[in-house]
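Chemist: Shown below is the structure under consideration.
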């Protein structure tokens, strides 16, 4: 069993803490966005 709740906030916090340099790739029609968990965390905290 997990020791943490399976929530978007928790996934973002764990990603930023344990995998700050891993890339997140978002694909939209005609566009691709790439950023790291650390960048995404900083951006969502603003």
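Each reported figure results from applying straightforward, stated rules to the coordinates on display, with no laboratory input. Note that the structure is predicted; figures quoted are calculated from it, not measured. Cβ: placed from backbone, ideal geometry, glycine included. Neighbour counts: every protein chain shown.
Chemist: How big is the C-alpha Rg of the chain next to the rule-of-thumb value 2.2 N^0.38 Å, as a ratio?
Modeler: 1.28
Chemist: Tell me the mean residue ellipticity at 222 nm calculated for the chain from its helices only (DSSP H runs of n ≥ 4, each -39500 (n - 2.57), averaged over every residue, nearest 500).
Modeler: -13000 deg cm²/dmol
Chemist: Hey, what angle do you get for helix 8-18 against the long axis of the chain, alpha-carbon based, 0 to 90 degrees rounded to 10?
Modeler: 90
Chemist: Between residue 8 and residue 36, what is the label-point separation in nm under the 7 Å Cα-to-beta-carbon projection?
Modeler: 2.4
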